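Asker: I am attaching a structure below and will ask some questions about it afterwards.
The values are calculated or read from the model by the stated rules, or taken from the named source; none is laboratory data. Given the structure is predicted, the values throughout are model-derived calculations rather than measurements. Here the Cβ positions follow ideal geometry from the backbone for every residue, glycine too, while neighbour counts run over all protein chains shown. Ligands, DNA and RNA are excluded from the accessible area calculation, which covers all protein heavy atoms including side chains. Shrake-Rupley method; radii C 1.70, N 1.55, O 1.52, S 1.80 Å.
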Amino acid sequence: MKNLKSTLIQDPRYRKGLEKRLERPQILIALTNYCNLSCVYCSTGKVRNKPVNMDIELVKTLVDQCVDNKWPFSFGQTYEPFLHPQIDQIVQYVTDRDVRFFSATNGTVMKPAVYDHPMDLLMSYSSTHEDYAYRGSKIKFDTYTSKILEFLEHRINKLIPGKIILQIADYSLLEGKLEYNKEIYDIDGIYAKSLDLASRLGLAPPENEQEARDIIAKRQDLVLFEGKDTSIIVKSTKILSNSYDAFVEIPDSLPPKGYCDSCYTMLSIQADGQVAFCCCDPSAQAVAGKIDTDTNLKDFWLGKEMTHIRDCFHAFKPAHDFCTKCLFNVSENIKPLLTVKNSPLVAEILHDQGVANDLPWFQFPSAKK
C-alpha cells in the first residue's frame, strides 16, 4: 500500500512549497508561562512553572520585527496571555502598530480595561457543566458563564471591532476514540450548545438548521452576530492527541524517528525567550535557542540552529526526543503541516496520486466551501 504522506513530502512541489514558507513564518508569542485553568486535555494542564511574564520590551521588539518583516504573529498558545500584568499596554502597542491583536484565551481573566480594544480572539468555550468539568477550574460554572457573556454582550452592544471565535469542542477523544481523525462526531451537541449561546446573548438562531449543521461538521465559521467590523462566531473544534503527554504513556527508550514541517512554518517564543519550533510543544521541551531584545529574529529563523532542526527532520531523525514522542500518535510518524498552510498545493499533489476524497489528516479545499 502506498505511503501517501511519505510520497507527499518527497514531491518536489512540496519541497518548493516548504522553502516558500520560510519567507513568512507564523510567530507565536507566549506572554506568560502559566494558566489559571488545568484542562485535562492540555499538555500543560499539570505543569506548575514558576510564573514568568515576558518582559514588555521583548514583546515590543518581537512585535516591531514581525510588523517590519510582514510576518503574521499571535499571542497565547497554551498558557493564558490575559494573566500578563501589562496586557492592556501590550494590546494597545499592537494596535498602535496598525495590527489587530490576535490571541487564544480561555476568557476568564480579561479585565474591563481591554474590553474596548480592537481584538480578534480564539476563545475556548464550555457551554455545559459537563464540558466545564474538563477545565480543572476553581471558578464556579455560573461565574464563568457570566464573565464570558458579559464580555460578548459588551462587544455586541458597543460594536467593538474584532472577530471573537468561540470554540465548542468535540470531546470524543476523551471517550475512548484515540485515532487521529479530525471528523466532528458530536454535531448534535455542538449545534445545541450554539443555539444555547445565541439565546443567552439574545441573538436569533441560525435561519437554516441543516446549513448550520453542515458548517459545524466542516469546522467552518457559524456566525451568530455580525455588525460593521464586529462578529461573534462559533467554530467546532476537536480535542486531538497533538501533544503526547496529554493522553498516553510513551516508552522512554523510543528511538528518534519521524518528520514534521513545524520548523518551516512557525516559531514558538516562550515568556522567558526560549524558542520552541512547534505549537505542540508549549512547555518548550524542544528548543532551538534563546532570544532577547538584541536578537535579529529573521537571522535566527534562517540561522544555524533552525537549519540543523530542518536537516534532522529531512533525515527522519528529529533532533529532540520530544518530537519523536509527539509523532508517535501520528500516522506514519509524519506531520505534513502544509496541509494547513497550503491546502491547494497539497490537493494538487494528492490528485496526481489518484486521491480525490478527504483523508483523516486532510480535507480538500472544495469541501470547505
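Asker: Out of the residues in the stretch 303-330 that are β-branched (Val, Ile, Thr) and under 22 Å from the mean Cα position of the chain (by Cα), state the one that is nearest to GLY258 (Cα to Cα).
Answerer: Looking at residues that are β-branched (Val, Ile, Thr) and under 22 Å from the mean Cα position of the chain (by Cα), I get THR324.
Asker: Taking the stated definitions as given, is SER103 open to solvent by less than 50 Å² (accessible area, probe 1.4 Å) and free of Cβ contacts under 8 Å to residues at least 60 places away in the same chain?
Answerer: When the stated conditions are applied, SER103 passes them.
Asker: Name the single residue, out of those in the stretch 323-360 being part of a loop (DSSP other than H, G, I, E, B) and open to solvent by less than 30 Å² (accessible area, probe 1.4 Å), that is nearest to ARG213 (Cα to Cα).
Answerer: Only one residue tops the list, namely VAL355.
Asker: Can you find a residue in the stretch 232-249 that is in contact with a Leu (Cβ under 6 Å, 6 or more places away or on another chain) and at pLDDT 95 or above?
Answerer: yes
Asker: For the stretch 129-142, indicate whether the set of residues that are touching a helix residue (DSSP H, G or I) at 6+ places or on another chain (Cβ under 8 Å), without any contact (Cβ under 8 Å) to a residue 24 or more places away in the chain and either under 22 Å from PRO206 (Cβ atoms) or open to solvent by 60 Å² or more (accessible area, probe 1.4 Å) (or both) is non-empty.
Answerer: The answer is yes; a qualifying residue exists.
Asker: Being of a type outside the set (Gly, Ala, Ser), modelled with pLDDT under 95 and open to solvent by 10 Å² or more (accessible area, probe 1.4 Å) narrows it down to one residue among LEU254, LEU302, LEU195, LEU201; which is it?
Answerer: From the options LEU254, LEU302, LEU195, LEU201, the qualifying one is LEU254.
Asker: If the requirement is being part of a loop (DSSP other than H, G, I, E, B), touching a residue at least 12 places away in the same chain (Cβ under 8 Å) and open to solvent by 70 Å² or more (accessible area, probe 1.4 Å), which of these qualifies: ASP281, ASP292?
Answerer: Only one candidate passes the filter, namely ASP292.
Asker: Taking the condition among the charged types (D, E, K, R), farther than 14 Å from PHE277 by Cβ and open to solvent by 30 Å² or more (accessible area, probe 1.4 Å), does ASP311 pass?
Answerer: no
Asker: Which of the residues spanning the stretch 119-128 are open to solvent by 20 Å² or more (accessible area, probe 1.4 Å) and within 22 Å of ARG100 (Cα to Cα)?
Answerer: Answer for the stretch 119-128, where residues must be open to solvent by 20 Å² or more (accessible area, probe 1.4 Å) and within 22 Å of ARG100 (Cα to Cα): ASP120, LEU122, SER124.
Asker: Select from the stretch 34-82 the residues that are within 24 Å of VAL99 (Cβ to Cβ), in a loop (DSSP other than H, G, I, E, B) and not acidic (Asp, Glu) and list them in ascending order.
Answerer: Scanning the stretch 34-82 gives MET54, LYS70, TRP71, PRO72, GLY76, GLN77, THR78, TYR79.
Asker: Given the conditions (1) open to solvent by 20 Å² or more (accessible area, probe 1.4 Å); (2) in a loop (DSSP other than H, G, I, E, B); (3) touching a helix residue (DSSP H, G or I) at 6+ places or on another chain (Cβ under 7 Å), report the number of the one that PRO318 does not fulfil.
Answerer: Every listed condition holds for PRO318 apart from (1).
Asker: Hey, does the stretch 3-22 have a residue that's open to solvent by 70 Å² or more (accessible area, probe 1.4 Å), free of Cβ contacts under 8 Å to residues at least 24 places away in the same chain and not in a helix (DSSP H, G or I)?
Answerer: no
Asker: Does ASP142 count as charged (D, E, K, R), within 27 Å of SER38 (Cα to Cα) and touching a Phe, Trp or Tyr at 6+ places or on another chain (Cβ under 8 Å)?
Answerer: no
Asker: Now for a different question. Scan the stretch 157-177 and tell me whether some residue there is outside any strand (DSSP E or B), under 20 Å from TYR115 (Cα atoms) and free of Cβ contacts under 8 Å to residues at least 60 places away in the same chain.
Answerer: Within the stretch 157-177 (the criterion being outside any strand (DSSP E or B), under 20 Å from TYR115 (Cα atoms) and free of Cβ contacts under 8 Å to residues at least 60 places away in the same chain), the answer is yes, since at least one residue qualifies.
Asker: Here's another thing I want to ask about it. Looking at the structure I just gave you, is LYS182 basic (Lys, Arg) and either over 20 Å from ILE232 (Cα atoms) or open to solvent by less than 50 Å² (accessible area, probe 1.4 Å) (or both)?
Answerer: Considered against the rule, which asks whether it is basic (Lys, Arg) and either over 20 Å from ILE232 (Cα atoms) or open to solvent by less than 50 Å² (accessible area, probe 1.4 Å) (or both), LYS182 comes out as yes.
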